Protein chains: 2
Amino acid sequence: MKTIEQLLESKNIRVTAMRLLIYKFLAEKQVAVTLSDIENAFEKADRTTLYRTVKTFEEKAIVHQIDDGTGITKYALCEKGCNCEIETDLHLHFHCNNCNVTICLTEHKIPQIKVPDGFISEDINLVIKGVCDKCSGL
Amino acid sequence: MKTIEQLLESKNIRVTAMRLLIYKFLAEKQVAVTLSDIENAFEKADRTTLYRTVKTFEEKAIVHQIDDGTGITKYALCEKGCNCEIETDLHLHFHCNNCNVTICLTEHKIPQIKVPDGFISEDINLVIKGVCDKCSGL
DNA sequence: TTATAAATGCACTTCCGTTGCATTGTATTT
DNA sequence: AAATACAATGCAACGGAAGTGCATTTATAA
Ligand SMILES: [Mn+2]
Ligand SMILES: [Mn+2]
Ligand SMILES: [Zn+2]
Ligand SMILES: [Zn+2]
């Protein structure tokens, strides 16, 4: 089991207090978070620092960005072993219309989609909207 | 073959010069357009009017909104016979990373996606990014 | 024609993402 | 340990796009 420090070092980015805190925050959350979510969790930190920290994490494939259609960018930790640098991790994302939460369905990979002749598929974004397990009561 | 006037009347919205122009503009385009695209095409018209016209078209299921992940909302005419009011028309959208164009693949419906127990799927957004037929040269 | 409601135009606001630049902090070299 | 080099942080400001309030114009109906 790698420590967070070791993870950051392995990605060649400096270990700083802020980065450790933000990583831990993301790790605790089971859901995708917005920049504002992080901002609210660390009121003392500057928005820009949080923004750039997340961007750095993204570049280094520590987190991935999620566009769930709400218009607000969300972020979630990558799975261990995911290789976002090379190709997108093609799991589904689910957005709950009731509690407004967005989660990674990492177990559910996006099926192969056939595109018309002449088109080349490089990346796929699939977001399902509906009611989540917590809200459906099923 | 319905005229545009008849279409608008059938949806219970007034036929105005602006609406006819915007409809024709959308009909000519084979690709999804942004509000800015429309703005540039009709420099004399006010942005708000264009914005509200498109919103009206959307409510009446004349156009549908497309979130292609670029962060800028795009719009395209609905197919005749689509029933966006009741349920989303589940066709794919393709975004070309080269020419930056987004198009409706109306013939390509989104396959059935299995969601985990307890989750209820109400709507699906599927965007494929890559190289379009015009750009691929295939 | 007049009354009623919808469409349009202008101004303004809000929100998110993003950048420039000065300052602080960390690591490396001498 | 001190000096150097570079990365991280904080503050301020910007830009684009979406959205709203309100006055004015235009279309429909009485
Ligand atoms: Mn995810
Ligand atoms: Mn479409
Ligand atoms: Zn929910
Ligand atoms: Zn193209």
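Taken together, the values in this text are just the output of simple stated rules run on the coordinates, not laboratory data. Computed from a predicted model, the values in this text were never measured in an experiment. Here the Cβ is made from the backbone with ideal geometry for all residues, glycine too, and neighbour counts use every protein chain on show.
The angle separating the long axis of helix B:17-28 from the principal Cα axis of greatest extent in chain B is about 40 degrees. Axis between A and B by rotation; chain A residue with nearest Cβ and distance in whole Å recorded as A:LEU126, 2.
In the calculated pair-distance distribution of the protein assembly as shown, the portion above 36 angstrom amounts to 25 percent of the Cα-Cα pairs.
List, in the order given, every pair from A:LYS74/A:LYS134; A:LYS29/A:LYS109; B:LYS60/B:LYS134; A:LYS129/B:LYS24; A:LYS60/B:LYS129; A:LYS129/B:LYS55 whose Cα-Cα distance in the structure shown is over 24 Å.
Numbers: A:LYS74/A:LYS134 20 Å; A:LYS29/A:LYS109 21 Å; B:LYS60/B:LYS134 32 Å; A:LYS129/B:LYS24 32 Å; A:LYS60/B:LYS129 21 Å; A:LYS129/B:LYS55 21 Å.
In this structure, B:LYS60/B:LYS134; A:LYS129/B:LYS24 exceed 24 Å between Cα atoms.
Ranked by Cβ crowding within 10 angstrom, fewest neighbours first, how are A:THR102, A:THR56 ordered?
The order, fewest Cβ neighbours first, is A:THR56, A:THR102.
Projected over all directions and averaged, the alpha-carbon convex hull of chain B occupies 10.3 nm². With the cut-off at 1.5 for a/c, could you classify the stretch A:51-113 from its C-alpha gyration tensor as rounded, prolate or oblate? Oblate is the answer for the stretch A:51-113, as a/c is 1.5 or above yet b/c matches or exceeds a/b.
As a length-normalised measure over Cα pairs under 8 Å and 6 or more apart, the relative contact order of the stretch A:20-116 settles at 25 percent. Here A:LYS134, A:LYS74 are placed in order of increasing Cβ neighbour count within 10 Å, fewest first, which gives A:LYS134, A:LYS74.
With the helix formula -39500 (n - 2.57) applied to DSSP H stretches of n ≥ 4, the protein assembly as shown reaches a computed 222 nm mean residue ellipticity of -8500 deg cm²/dmol. Any chance you could check the Cα centroid distance between the stretch A:53-72 and the stretch B:64-138 for me, in angstrom? Result: 21 Å between the Cα centres.
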